[in-house]
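A short write-up of the structure that comes next.
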Amino acid sequence: MPGRTPSLRPRTGRAEGPRRGPSPTATRRVPLALLLPALLGVVFLTLPLIGLLVRTPWSDLTAQLRGTQVLQALRLSLITASLATALSLVLGVPLAWLLARARFPGRRLLRALITVPLVLPPVVGGVALLLALGRRGILGQYLDSWFGITLPFTTAGVVLAEAFVAMPFLVLSVEGALRAADPRFEDAAATLGASGWTTFRRVTLPLIAPGVAAGAVLAWARALGEFGATITFAGNFPGTTQTMPLAVYLALQDDPQAAIVLSLILLAVSITVLAALRERWMTTA
């Protein structure tokens, strides 16, 4: 027809849809050179856990859980891990905000120093705590002479040792949540006249609440399983400083059944933490 512009699309005889290549996971064959090491890795990581479950005295489990040693260690571990997590929240959340929002010289160095306890051997961390907070430590000597406060080999020392190794987990988690949060909400609150504390309390904290919760769970689990720094700084006194990891180490020599039961409790806590954080890991992945 006159006045009609001819179409430049080539005619193929069928409607053209979006081209779809083969799915990256469609019938992909796993090379044998990768499959065998992967299976060995699975066996290596799961066989000890299976051995723990197989060797657990299930018929005598209730009696073991009612034992004085198990109950004391469990009670002390729950209390100290919760207190260490609370201390980490009070100190770690503001520290994470400082790293994520403030700009100051030496911020990278400060972040590196904060993450050192993640890679530092726990025993070395305990020695460092003794040198800082012991009776002859940098700060501990003044606490002892001025206020009569002695931290090593006390329950308070257990809390400090656990917080020292657990707080970096919370700081990194909260800092990541702060960096992922949209700062425009905070800017809008500041524009409307809200103070810095009000903005943090009413706007920032609700935004990063999932990150704070995840960091608190990780810190609590890490504090519950702490061994090296605790035994070095706080010792191993039943009812006072003997937490579950320390009780496992001691019971393994005298009462292996109690050691297995305590290990089973720690395993159950670890699985619970993984289950609680699974949804967050899956969404970030």
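The values are calculated or read from the model by the stated rules, or taken from the named source; none is laboratory data. Remember, predicted model here, so these are calculated numbers, not experimental data. Reconstructed Cβ throughout: ideal geometry from the backbone, glycine too, with neighbour counts over all protein chains shown. Just the protein is used for accessible areas: all its heavy atoms, side chains included, with ligands, DNA and RNA removed. Shrake-Rupley method; radii C 1.70, N 1.55, O 1.52, S 1.80 Å.
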Exercise for review: Find the helices (runs of 4 or more DSSP H) located wholly in segment 193-272 whose residues include 3 or more that are touching a helix residue (DSSP H, G or I) at 6+ places or on another chain (Cβ under 6 Å) and open to solvent by less than 30 Å² (accessible area, probe 1.4 Å), and list them.
Suggested key: 205-224, 228-233, 244-254
Practice item. Hey, could you check segment 145-179 for residues that are part of a helix (DSSP H, G or I) and over 21 Å from Val90 (Cα atoms) and say which is least open to solvent (accessible area, probe 1.4 Å)? Key: Ser145
Exercise for review: Report whether or not Gly125 is touching a helix residue (DSSP H, G or I) at 6+ places or on another chain (Cβ under 6 Å) and modelled with pLDDT under 90.
Suggested key: no
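With the requirement that a residue be open to solvent by less than 60 Å² (accessible area, probe 1.4 Å) and farther than 23 Å from Pro245 by Cα, what does segment 119-132 give you?
Ala132 - this is the single residue of segment 119-132 that is open to solvent by less than 60 Å² (accessible area, probe 1.4 Å) and farther than 23 Å from Pro245 by Cα.
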Exercise for review: For Tyr142, work out the one condition from (1) open to solvent by 70 Å² or more (accessible area, probe 1.4 Å); (2) in contact (Cβ under 8 Å) with a residue 12 or more places away in the chain it doesn't fulfil.
Suggested key: (2)
Check your understanding: Within the set of pairs 6+ apart or on separate chains, which have a first residue in segment 90-102 that is at pLDDT below 90, a second that is surrounded by 14 or more Cβ atoms within 10 Å (Cβ to Cβ) and of a type in the set (S, T, N, Q), and C-beta atoms under 9 Å apart?
Key -> Arg101/Thr204
Point to revise | Scope segment 80-118; condition of a type in the set (A, V, I, L, M) and either open to solvent by 70 Å² or more (accessible area, probe 1.4 Å) or in contact with a Cys (Cβ under 9 Å, 6 or more places away or on another chain) (or both); matching residues | key: Leu83, Val90, Leu91, Leu109, Leu113
